[in-house]
Amino acid sequence: MKINSQYNQIIILIISVMMVVPSWIFSYLQYPNEDFVLKILNDTVDSLYYPLVVNFSELNFKPLYDLNITGDVGVTAYPILSVIIISFFWKLVGPFSLPIIQLLSVFIALNIFYKLSNNNKIIKGSSLFISIFCLTFLFFFDVVSDFLDQNFLQTINNNLQSFYYFRFPRPIITNLFFFLYLYFCYEVFFKNKYNYKNIIILGCISGFTLHIFYFFFIFQNIILFLLTLKKFGLNTHLFSRQNIKLFFIYFLFVAFFLLLYFVNFNFVDKDYLIRLGTIDLDIEKKIILLKYYFNFLLNKFFIILFLINIVIYYINKNYFKIDIFEYLNIIFFSIIISPFIFFIFSPKAITVYHFFNWILISGSINFIFFLLYTFGLILNDSTKKKLQYIYIILSVLVVNYKLISNNFVIDNS
């Protein structure tokens, strides 16, 4: 088993290299004399954070780009840690840090998906395929939506892109913290690894996530709350001495990162906050957001997606009895109630559309995995393996096609 696991790690590393390296080689061959900083600006999906990356690598947390400003300014606001991660690598190897981070992120993401899927009978013997599918299915959808050029497909594609893509720093870095949190939650609540070590890890990941993408922080803790209720119920065992100790340790770590968050927020530059679009949520604005939230829940697309997930829950509970589907349903319902809780209690808000994106993403992921599993039951093992190998090969080609096509767009412009 250990040898097989090491073999799969090598395969994952090879596939990671095959997905990331060819586009950079192509860029070098296309423009051999181009400065690598220009390659970074042209060949990566987003470059808006790169000035901050350089500033932070120089320990400059109050960057000024207008020489006419003479007054004192505050520090840069969130998302600070995801930028600092890139800044750390930038300090070590300069602009080559971006391809390195891209390779490491793909490798880590594949490993998270692989380990999560390897613990489930849903994909027994297919963990490698599932991990690659999770990473690449959006690239396929992106290609299809480009060729068909249908507004409906483009809308779906735009909503699902936040699941995982190669944009810096989100989602290529930020989403890893969310996926890692989900993996350890699964270990704790479905594999019964309910111990101090895993609780501390969950607390640290959630605390880091607050400084990276606060939407995930909210999702994580509501998911944790619902999983805790599922495991212990509303009885005296929930408040046992052991559980109180574990909960206290978790919240101690989260409280530490919350304190850092509020310190950062207290010294943040006010103009930077305005640029980010932060708004104060008074009663009137909370009512507006809650109305929008309920209108979203009454949207026919959401209703269809919700009913599909209810059907999946019923089929799984009565027939399949597979814990990963139960877990995906808990994640879906946790994310549904997240904006409601946030709009009621939060004093401020920014870019709230991420809540609704992730409601659609989580519901769609559950549906996609259910279809994969159902389809897999129909096929024999030999045919299934052949199709999986074909998909893995095609996924490498499609990812490279999408990454390399960015160069063609720049060249044509």
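Points to keep in mind about this one:
- The stretch 265-366: mean projected area of Cα convex hull, nm²: 7.9 nm²
- Projected over all directions and averaged, the alpha-carbon convex hull of the stretch 191-348 occupies 11.8 nm².
- Based on alpha carbons, the Rg and Dmax found for the stretch 106-228 are 15.9, 51 Å.
- Gain in span if fully extended, Val143 to Phe340, counting 0.36 nm per residue against the direct Cα distance: 67.5 nm
- Ranked by how many other beta carbons lie within 10 Å on average, peptides 13-23, 377-387 from highest: 13-23, 377-387
- Springs between Cα atoms under 10 Å define the GNM used for the chain, and in it the highest mean-square fluctuation of Val263, Val398, Val83 occurs at Val263.
- Principal axis box of the stretch 248-296, alpha-carbon based, largest edge first, Å: 38, 32, 18
- Relative contact order for the stretch 33-120, counting Cα pairs under 8 Å that sit 6 or more residues apart, in percent: 29 percent
- Only Cα pairs under 8 Å and 6+ residues apart enter the sum, and on that basis the relative contact order of the stretch 175-225 stands at 39 percent.
- Rough spin-label spacing in nm, given labels placed 7 Å along Cα→Cβ, for Asp46 and Tyr194: 3.8 nm
- Computed on the stretch 30-103, the Cα convex hull volume stands at 114 Å³ per residue.
- Charging the Cβ of each Asp and Glu at -1 and of each Lys and Arg at +1, and nothing else, the dipole of the stretch 223-370 about its Cα centre rounds to 360 debye.
- Rg over Rh, two decimals, the stretch 221-261 (C-alpha only, Kirkwood Rh): 1.05
- Accessible area (Å², 1.4 Å probe, nearest 10) - Phe184: 40 Å²
- 28 Å Cα-Cα threshold exceeded, pairs from Lys115/Lys230; Lys197/Lys317; Lys270/Lys300: Lys197/Lys317; Lys270/Lys300
- Here each label is just a point 7 Å from Cα along the line to Cβ, and for Leu92 and Lys270 those points are 4.0 nm apart.
- Annotation: amide H of Val268 within the under-5 Å range of Val75, sequence separation 5 or more or interchain, hydrogens built in the peptide plane.
- With a Förster radius of 51 Å applied to the beta-carbon distance between Ile308 and Tyr31, the computed FRET efficiency rounds to 0.65.
- Based on alpha carbons, the Rg and Dmax found for the stretch 168-251 are 13.1, 46 Å.
- Two-site FRET efficiency, Leu372 against Asp280, from Cβ-Cβ distance with R₀ of 51 Å, rounded to 0.05: 0.70
- Lys, Arg +1 and Asp, Glu -1 on Cβ, resulting dipole of the stretch 289-404 about Cα centre, debye, nearest 20: 180 debye
- Residue pairs, from the table Lys62/Lys348; Lys245/Lys285; Lys62/Lys91, whose Cα atoms sit over 28 Å apart: Lys245/Lys285
- Carbon/sulfur fraction of accessible area - the chain, other protein chains in place, 1.4 Å, %: 69 percent
- Site pair Tyr389 and Asn158 shows an inter-label distance of 4.1 nm when each label is modelled 7 Å from Cα along Cα→Cβ.
- Only one residue of Ile223, Phe190, Pro63 has its Cα farthest out toward the positive end of the dipole of the chain, where Lys and Arg carry +1 and Asp and Glu -1 on Cβ, and that residue is Phe190.
- Projecting the Cα atoms of Leu238, Tyr250, Ile288 onto the dipole axis of the stretch 228-324, where Lys and Arg carry +1 and Asp and Glu carry -1 at the beta carbon, places Leu238 farthest toward the positive end.
- Considering only alpha-carbon pairs that sit under 8 angstrom and 6 or more positions apart, the relative contact order computed for the chain is 22 percent.
- For the stretch 304-321, the Karplus equation 6.51 cos²θ - 1.76 cosθ + 1.60, evaluated at θ = phi - 60°, returns couplings of 4, 5, 5, 5, 4, 5, 5, 4, 4, 4, 5, 4, 5, 5, 9, 10, 6, 6 Hz by residue, with Gly and Pro reported as x.
- Compactness of the stretch 178-219 is given as radius of gyration and Dmax, 10.2, 29 Å, from Cα positions.
- Long-range HN-HN contacts of Ala349 with modeled amide H, under 5 Å: Ile279, Leu281
- Computed magnitude of the charge dipole of the chain (debye, nearest 20; Cβ of K, R +1, Cβ of D, E -1): 1820 debye
- Choice from Phe147, Phe189, Phe163 showing the highest fluctuation, given a GNM over the chain with Cα pairs closer than 10 Å: Phe147
- Cα convex hull of the chain, projected area averaged across orientations, nm²: 23.9 nm²
The values are calculated or read from the model by the stated rules, or taken from the named source; none is laboratory data. Since the model is a prediction, treat every value here as computed from it, not as a measurement. Reconstructed Cβ throughout: ideal geometry from the backbone, glycine too, with neighbour counts over all protein chains shown. Just the protein is used for accessible areas: all its heavy atoms, side chains included, with ligands, DNA and RNA removed. Shrake-Rupley method; radii C 1.70, N 1.55, O 1.52, S 1.80 Å.
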